[in-house]
Amino acid sequence: MSSSIIFILLLSVIIAVGVGIMAGKYIFKKSFDHLEKEATDKAADIIRNAEAAADNIKKDRILEAKEKYLRLKGEFEEEANKKRNILQSNEQKLKQREQNLNQTIEQNKKRENELESLKNGLSQQLEVASKKKEEAEKLLQQQVSQLEKIANLTADQAREQLVDALKAEADTRAGSYVKSAMEEARLTATKEAKKIVIETIQRTAAEHAIENCVSVFNIENDDIKGKIIGREGRNIRALEAATGVEIIVDDTPEAIVISGFDPVRREIARLSLHRLVQDGRIHPARIEEVVAKTRKNIDDEIVEIGERTVIDLGIHGLHPELVKMIGRMRFRSSYGQNLLQHSREVAKLCATMASELGLNTKLAKRAGLLHDIGKVWPEESDLPHAILGMELAKKYKENHEVCNAIGAHHDEIEMTSMLSPIIQVCDAISGSRPGARREMMESYIQRLRDLENMAMAFDGVEKCYAIQAGRELRVIIDSENVSDEKAGMLSFEISQKIEKEMQYPGQIKITVIREMRSVAYAR
């Protein structure tokens, strides 16, 4: 019973499930068909809307295309009209040119016809002229033959006589004209030259040169004099030996006199004293060290003076050695006149005079500054200073006009440039001013230099200084190569040579110094 009931129940359940499934399928189909219909309707609506929007867009694009077409068409027509107008105007111009060319061709044809007719007429005239020329030559020959018979002279002889007569007359007239022209030129040149020289001198103002042979070193108190003299005078002797000047320490209050003919030596001594007094350490070794440094500083100052001089005068491109020699002029004198001041003055005078004559003022100024450069050449030379200066200028590649002006300003060589007489004249102007030069000073300084050079010619002499205004000659010799006996003989030989070869007032004391030094170092 129970199993049948269970079977029946299972069967009923299976049937119910089957019926439910069938009902669910039917209901799902109905729902799917409904949804499919709704989707189809919506898709149709979307398609209809899209087709309507596409129609609207198409219409808009067609309208825009039509508008663009019309606009481009208008622009094209306008451009075409412009080009058409240009073509028409060019065509008219071409037609006008063609007409002008035709007219020109017609005129050329007419001119060719006229020229042809003129050519024919000229040929006929030439034939007539040649016939007349032949007839004239025949007549001339007949007349010449008749004149030769009458004058008993041939045509060549008559021509020569006529030419000689004309030459004599021309020479006479030319001579008188040249003479009058030269006289007029001489008068005018003299007047113009005086005018130029006067204007040049007036436009150049320079101080009169004042040179002496002493320098004064001022001190704060007289106690320093004892330090400068040193124990038994060793400091002052060392200073005089190192600088080559005479140091005069006397009763003059707050002053020490430095005496020497060479301005460079005096300046080195003055600056060395100044440094020693400031430092306070004064002894022979320190003196030699300070003098060596001062000498180097003076060399640097010489270069600086030369550079400042060329800059002041506006001269460029000078060789450094020439600049250095220009600075050395500051410590040299010529007949008592400062050489640098004299050269600057000559340079300015030359530039002024060259400008008045229409010449190159830069070259004139350059030659004026360098004209006495041979006087400061440090080595001994047998050449005159003008020739030596010219050789130095050539060596350092100066202009040939400048070289000739330097060499010819004392007439040692021939003048080949207009600058040469200008340099000579300006040198004379600068040297002939009242108070500019002193002949006695120059000869005195030259005598002192000759004294030193004469002593330096002996073997074993290291240094030589003329002091005491030339009344004493101090000779420092090499202690290793010269003995005491030879030192005594050397002083005698120098005195004998001075007596034979020099003229001097009074007497000259020759002092030969042989100093032995022994140096050792403790380490």
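Read-outs: derived from the displayed coordinates by stated rules, not from any lab. Remember, predicted model here, so these are calculated numbers, not experimental data. All Cβ positions, even for glycine, are placed from backbone atoms using ideal geometry, and neighbour counts span all protein chains on display.
Can you tell me the dipole magnitude for region 319-437 around its Cα centre, using point charges on the Cβ only (Lys, Arg +1; Asp, Glu -1), in Debye to the nearest 20?
620
Under a cut-off of 29 Å between alpha-carbon atoms, report the lysines in cross-link reach of K167, not counting same-chain residues fewer than 8 places apart.
K149, K179
If you add up the charges near Q125, with Lys and Arg at +1 and Asp and Glu at -1, over every other residue whose beta carbon is less than 14 angstrom from its beta carbon, what do you get?
Net charge in that neighbourhood comes out at +3.
For K59, list the lysines whose Cα falls under 17 Å from its own Cα; do not include residues on the same chain fewer than 8 positions away.
The qualifying lysines are K68.
So, with +1 on the Cβ of K and R and -1 on the Cβ of D and E, and no other charges, what is the size of the charge dipole of region 28-77 about its Cα centre, to the nearest 20 debye?
So the magnitude is around 60 debye.
Near K37, which lysines are there with a Cα under 17 Å away, not counting those fewer than 8 places off in the same chain?
Filter leaves K29.
When the C-alpha atoms of region 319-437 are aligned to their principal axes, what extent does each axis show, in angstrom, from largest down?
Cα extents, longest axis first: 38, 35, 26 Å.
What number comes out for the charge environment of E254, summing +1 per Lys or Arg and -1 per Asp or Glu over other residues with Cβ under 9 Å away?
-2
What order do you get for 35-46, 265-276 when each peptide is scored by the mean count of other beta carbon atoms within 10 Å, highest first?
With the highest mean Cβ count within 10 Å placed first, the list reads 265-276, 35-46.
Work out the length of the dipole vector of region 56-125 about its Cα centre, built from +1 on the beta-carbon of each Lys and Arg and -1 on the beta-carbon of each Asp and Glu, and round it to the nearest 20 debye.
420
Taking 1 over the mean of 1/r across every pair of different Cα atoms in region 205-313, what Kirkwood radius in Å do you get?
14.9
Distance check, please: which entries in K397/K497; K225/K296; K225/K293; K82/K109; K375/K509 exceed 32 angstrom between their Cα atoms?
With Cα atoms farther than 32 Å apart: K397/K497; K82/K109.
May I ask you to derive the relative contact order of region 272-418, considering only C-alpha pairs under 8 Å and at least 6 residues apart, and to give it as an integer percent?
Averaging sequence separation for qualifying contacts and normalising by length gives 15 percent for region 272-418.
Given N102, Q125, A65, which one lies farthest toward the positive end of the charge dipole of region 56-127, if we put +1 on the Cβ of every Lys and Arg and -1 on the Cβ of every Asp and Glu?
Among N102, Q125, A65, the one farthest towards the positive end of the dipole of region 56-127 is A65.
For region 449-523, take the alpha-carbon Rg, divide it by the Kirkwood Rh, and send me Rg/Rh.
1.07
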